[in-house]
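FYI, it's all coordinate maths here, none of it is from the lab. The structure displayed is predicted, hence computed values, not measured ones. Neighbour counts run over all protein chains shown; Cβ positions are idealised from the backbone, glycine included.
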């Protein structure tokens, strides 16, 4: 299925077969493609690049397609990695985290820091964090494959 090029997001680099590799949803995904392109929110004279997940309902392109600035895509990757790192050691805590210190880390970015923390405002956090850990465990192979690929590419790029 071809990613549309007539909408506000203007694709430049694409993956039109994403539905075949979309984790547990591979070959049965409504996420049909990924693109990097010119953001839909661009104003005249100001150009931003965004990443977009293109969803298709089977009949039309979905309004639930997501578009994110590239730095947010990377911030999400940082959040995923730091969360995975936390859960490697979470077994040490009765509740899988320390209720007295729910902040997992402060990741320095742009002169400040992104706080990574357990959401203690969630009234069902004790139940939800166990479900979250189980889901991470179930998807360990899928996530690990992608992290190894990302690590290899980052190393090739000199990072």
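Things worth noting here:
- Alpha carbon centroid spacing (whole Å) that separates segment 1-48 from segment 120-159: 23 Å
- Computed extension length for residue 60-residue 72: 1.6 nm, one decimal, from 0.36 nm per residue of separation with the Cα-Cα distance subtracted.
- Choice from 58, 144, 111 with maximal GNM fluctuation in the chain (Cα, 10 Å cutoff): 111
- Relative contact order (%) - criterion: Cα under 8 Å, at least six apart; region: segment 10-64: 30 percent
- Rounded FRET efficiency, nearest 0.05, which uses the C-beta distance separating residue 143 from residue 92 and R0 of 30 Å: 0.90
- Computed from label points 7 Å out along Cα-Cβ, the spacing between residue 127 and residue 10 is 5.0 nm.
- Three-way shape label, segment 1-92, alpha-carbon gyration tensor, a/c 1.5: oblate
- Three-way shape call for segment 71-156 based on the alpha-carbon gyration tensor, with the a/c threshold at 1.5: oblate
- Segment 1-109 - percent relative contact order, Cα under 8 Å, separation 6 or more: 16 percent
- Helix 140-156 and the longest principal axis of the C-alpha atoms of the chain enclose an angle of approximately 70°.
- Among 149, 57, 115, residue whose mean-square fluctuation peaks in a GNM of the chain (springs only between Cα atoms under 10 Å): 149
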